[in-house]
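Some notes on the structure that comes next.
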Amino acid sequence: MGKKPIPQRYFWIILFPFLAACEQQAVALSVETPVPSVISPTSAPTSTFIPVTITPSPLPTQPIIPMITPDAIQVKRWKEYQTELAKSLLSFLPPEEVICEWDILGSSGNDLYVWAMCEGKDGSARSTPAVIHLETDGTIQSVQRPTSWSDDIPKLFPVDIQAKFDIYYFGRSRELSQHTAWRRTHPDEPPLIVLSTTPMP
């Protein structure tokens, strides 16, 4: 007895799932695998960094020291000047124990405006502007220093002389003090104001 043929409708029922599975596999194979993209140097984003050159600030300009040289009489009598300044600035010490340095800031008539630095053998010191009142022959009449800065400075010193005081806050007083220390161990050494008028060999 022969086998009966499979009805056609059963054939499609069996074939349809098979075809569907093949189609899904074909779709899966047709999907491209993503490849990491490489950014070339030319396509890199442009940097917004702007180089800035840092220039250091200039140091404060140091004031120019007014080098007013003494006349011949003042040079010759420098020991007298030192003695009178010592009596005024460090009156509680014997003048012979005091060494003084001074700069001439200007003059008016018989008044000589100076900045003086005096140091005693005991280590005491004073740095201050002063007025040296001269006689007509050049000898010293008296030395006057301010005792109250706010009251005496405007009375004793013209405005252009007061403007020079800042120089001594920028280190000139220290230079004068250093020379007094040198002279303490070198008794024959004159003050800087005398050396400024001495020709170099």
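The values are calculated or read from the model by the stated rules, or taken from the named source; none is laboratory data. For clarity, every value in this text was computed on a predicted model and none was experimentally measured. Heads up, the Cβs are rebuilt from the backbone with ideal geometry, glycines too, and the neighbour counts pull from every protein chain shown. Note: accessible area is taken over every heavy atom of the protein model, side chains too, but ligands, DNA and RNA are not part of it. Shrake-Rupley method; radii C 1.70, N 1.55, O 1.52, S 1.80 Å.
Is at least one residue of segment 178-188 within 12 Å of Glu101 (Cα to Cα), surrounded by fewer than 18 Cβ atoms within 10 Å (Cβ to Cβ) and of a type in the set (A, V, I, L, M)? Yes - at least one qualifying residue is present in segment 178-188. Among the conditions (1) at pLDDT below 95; (2) among the basic types (Lys, Arg); (3) over 24 Å from Val75 (Cβ atoms), Arg172 misses just one, which is (3).
Yes/no matrix, rows are residues, columns are (1) closer than 20 Å to Pro191 by Cα; (2) touching a Pro at 6+ places or on another chain (Cβ under 7 Å); (3) surrounded by 16 or more Cβ atoms within 10 Å (Cβ to Cβ); (4) at pLDDT below 95:
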| residue | (1), (2), (3), (4) |
| --- | --- |
| Leu85 | yes, no, yes, no |
| Ala116 | yes, no, yes, no |
| Ser124 | yes, no, no, no |
| Val131 | yes, no, yes, no |
| Asp137 | no, no, no, yes |
| Thr147 | no, no, no, yes |
| Tyr168 | yes, no, yes, yes |
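Restricting attention to segment 134-143, which residues are of a type outside the set (A, V, I, L, M) and either under 23 Å from Ile167 (Cα atoms) or not in a strand (DSSP E or B) (or both)?
Start the filter on segment 134-143 by keeping residues that are of a type outside the set (A, V, I, L, M), which leaves 135-139, 141-142.
Result: Glu135, Thr136, Asp137, Gly138, Thr139.
Considering segment 96-110, the residues that are closer than 16 Å to Phe157 by Cβ and in contact with a helix residue (DSSP H, G or I) (Cβ under 9 Å, 6 or more places away or on another chain) include one that is surrounded by the most Cβ atoms within 10 Å (Cβ to Cβ), namely Asp103. Is it fair to say Leu93 is surrounded by fewer than 20 Cβ atoms within 10 Å (Cβ to Cβ), touching a helix residue (DSSP H, G or I) at 6+ places or on another chain (Cβ under 8 Å), closer than 24 Å to Ala125 by Cβ and modelled with pLDDT of 95 or more? Considered against the rule, which asks whether it is surrounded by fewer than 20 Cβ atoms within 10 Å (Cβ to Cβ), touching a helix residue (DSSP H, G or I) at 6+ places or on another chain (Cβ under 8 Å), closer than 24 Å to Ala125 by Cβ and modelled with pLDDT of 95 or more, Leu93 comes out as yes. Just to be sure before I move on: is Asp160 farther than 24 Å from Val75 by Cβ, in contact (Cβ under 8 Å) with a residue 40 or more places away in the chain and either open to solvent by less than 60 Å² (accessible area, probe 1.4 Å) or not basic (Lys, Arg) (or both) in the structure I sent? So Asp160 fits the description; yes.
Asp103 fulfils the conditions (1) assigned to a strand (DSSP E or B); (2) at positive phi; (3) not hydroxyl-bearing (Ser, Thr, Tyr) except for a single criterion, (2).
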